[in-house]
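Each remark here refers to the structure printed beneath this line.
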Amino acid sequence: MDIKRLIIFVVFSFSILMLWDAWQAKNQPVSDVSKTADAAIVDASLPAASSADDVNSDDTSNVDKLAPGERIKVNTDLYQAEISTIGGDLRHLTLNKHRADGKGEGRFVLMDDNAANTMLYVAQSGLIGADLPNHKTVFTSEVNNYSMQAGADALKVKLSWAGNGLTVDKIYTFHRGQYEIEVTHVIHNASGAEVIPSVYYQITHDSESNQGSAFMPTFTGGAYYTDADKFKKIKFTEMADANLSLKTKDGWIGIIQHYFASAWIPKAGTQDEFYTKQLADNLYAVGVVNPVGKIAPDATAEISATLFSGPQTEADLEAAAPGLEYAVDYGWLTIIAKPLFWLLSKIHGFIGNWGVAIIILTIMLKAAFFKLSAASYRSMAHMREMAPRMQSLKEKFGDDKQKLQQAMMEMYRKEKINPLSGCLPILVQIPVFIALYWVLLGSVELRHAPFFGWITDLSAKDPYYILPILMGASMIIQTYLNPAPADPLQAKVMKIMPVVFSIFFFFFPAGLVLYWLVNNILSIAQQWYINKTIHAEALAKKGSAKR
């Protein structure tokens, strides 16, 4: 892609992204938002005293004041988890198969309540009504250390509470090879009176952590999916403006961030209500509440939900819940991005190296757009051949721009050249390039994926900036293959742009830079060949004219 068209591409891309973001903000669903927080987690059949404020009252704005309780440690094939006896909260979650950010050798910590980490990210659940336990109630556990045994398919962790003639067992079930944690409340009513509780599940998260960098900002915030509304994201600032209260019988609600997600998935068919709430200046909760139903004296009720918490790998997301795969947010070009990722994954399945897969996919895309690119390059080549004649016209007509334009249009007409013919091919390709950009930026599969040599993580910047420098060199070569702009100032800008863009790409993930570099090399080869062909045709035409 030549420098002029690269500038057009970048401006067009960011313009579309800004327009889309503005459209999303303007068209955020408002029919179910701006209700009170009480409506968000209370069913109409519950006593009036059971409210959202009751559930989340006294929650702290400082992570170091969150009551710690005793810790129950859980080790499975996928997780190292810690569950607090306070509320039976899931307070810490380490993903065994994913490395920590950066060059650290540790595992990735998804959830934590450690004040030293300046992050609060916990999964909570509880009951509303009849003085049943919520996420601030103290539970007990007979065992403080659980490990999944070899050959076992599941591991159950049970916490218990008793009071007022009621007993509640809160059971976490971890499944081998799955990022889905089943959370079950078993309620036995020996109080002698009927009770009508509701159950809620929520994720509490601060608004400061996991926000990406200045050069590569990423989204961390709420998200939900229903069959009616489809996938929606909710920024923390939007949660601060208004509480969400959305009734549904399907879907999920949770927190998404770059590469990872956590979502509560209630049983389909129940009358659920999704909600959000600001708990403090930088602390928010997203969750779901649904009624358990009437529990008669001496009767037992059981209700379950699934907590997905793990990487945004497409297979795991699709297996967990309908619509959860949209947590990998490719934006408005999902319809193009998903097939591209599918193709990239298939190539990786054969090759076994994501960097090589990116190169092969880039070659395939270049081949698919070969004719379109050729049309654009031919137009540029013709303009390059016409450059000396255009300079002569400029010298002839001087500052008379009207006559200069008329002479240029006449020259284009005689030579059968359309100076705009190179624009349409690149406009057709832009959506594909933007879609592939999002695929390479958002795919957790590329996180810590090595290429070769010094490139040990395709999702991180090149540590020695070799790829960005090579890409800058390729852009400089392209400037010499393109016709020089007639305007001296524009010509200077075109020479500076490769340096400017190289600096930007110093901070881009290596996988993205690799794609652009390969695309540039292929473009240079194609453009050089077409320039050579057009130049030979021009020389032949001049030779025949002399004879």
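Results, tabulated for the structure shown:
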| read-out | value |
| --- | --- |
| Rounded if a/c under 1.5, otherwise prolate or oblate - region 155-208, Cα gyration tensor axes | oblate |
| Net length gained if the chain between ASN144 and MET409 were fully extended (0.36 nm per residue, minus Cα distance) | 87.1 nm |
| Approximate spin-label separation LYS230-PHE397, in nm, with each point projected 7 Å along Cα-to-Cβ | 4.9 |
| Accessible surface ranking that places the most exposed of SER160, SER373 first, with a 1.4 angstrom probe | SER160, SER373 |
| Separation between Cα centres of region 259-331 and region 333-358, rounded to whole Å | 30 |
| Sparsely packed trypsin sites (Lys or Arg not before Pro) within region 252-345, loop by DSSP, other Cβ within 10 Å at most 14 | LYS267, LYS294 |
| Length gained when the stretch ASN114-ALA368 is fully extended (0.36 nm per residue, less Cα-Cα span) | 86.4 nm |
| In Å², nearest 10: area of THR94 left accessible to a 1.4 Å probe | 10 |
| Accessible area, probe 1.4 Å, largest first, for residues GLU410, GLU238, GLU318 | GLU318, GLU410, GLU238 |
| Cβ-derived FRET efficiency at R0 35 Å, GLU238 paired with ALA296, nearest 0.05 | 0.25 |
| Packing-based ranking, highest mean first, of 147-159, 442-454 given that Cβ atoms within 10 Å are counted | 442-454, 147-159 |
| For region 200-207, 3J(HN,Hα) per residue [Karplus equation, 6.51 cos²θ - 1.76 cosθ + 1.60, θ = phi - 60°, Hz, x = Gly/Pro] | 10, 9, 9, 10, 9, 8, 7, 9 |
| Using θ = phi - 60° and Karplus 6.51 cos²θ - 1.76 cosθ + 1.60, couplings along region 253-270 (whole Hz; Gly, Pro as x) | 9, x, 10, 10, 9, 4, 6, 9, 8, 9, 8, 8, 10, x, 4, 5, x, 7 |
| For LEU78, residues with placed amide H under 5 Å, excluding near neighbours | GLY177 |
| Under 5 Å, built H, 5+ apart or other chain: amide partners of ASP462 | ALA510 |
| Amide proton proximity set for VAL292, modelled H, under 5 Å, gap of 5+ | SER198, VAL199 |
| From phi via Karplus (6.51, -1.76, 1.60), per-residue ³J(HN,Hα) for region 398-411 in Hz, x at Gly/Pro | x, 8, 7, 5, 5, 5, 5, 5, 4, 5, 5, 5, 5, 5 |
| Highest-first arrangement of 508-518, 136-146, 71-81, where packing means the average Cβ count within 10 Å | 508-518, 71-81, 136-146 |
| Heavy-atom accessible area ranking, 1.4 Å probe, most first, across MET408, MET475 | MET408, MET475 |
| R0 of 60 Å, Cβ-Cβ distance ILE496-ALA193: FRET efficiency to nearest 0.05 | 0.15 |
| FRET E, pair ASP101, ILE476, Förster distance 22 Å, beta-carbon r, rounded to 0.05 | 0.05 |
| Gyration tensor verdict on region 93-171 (Cα atoms; rounded if a/c is under 1.5, prolate if a/b is larger than b/c, oblate otherwise) | oblate |
| Charge-dipole axis of region 69-173 as Lys and Arg at +1 and Asp and Glu at -1 on Cβ define it, positive-most pick from VAL122, HIS98, SER160 | HIS98 |
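The values are calculated or read from the model by the stated rules, or taken from the named source; none is laboratory data. As the structure is a prediction and not an experimental result, all values here were calculated from the model. Here the Cβ is made from the backbone with ideal geometry for all residues, glycine too, and neighbour counts use every protein chain on show. Please note that ligands, DNA and RNA were not included when accessible areas were found on the heavy atoms of the full protein model with its side chains. Shrake-Rupley method; radii C 1.70, N 1.55, O 1.52, S 1.80 Å.
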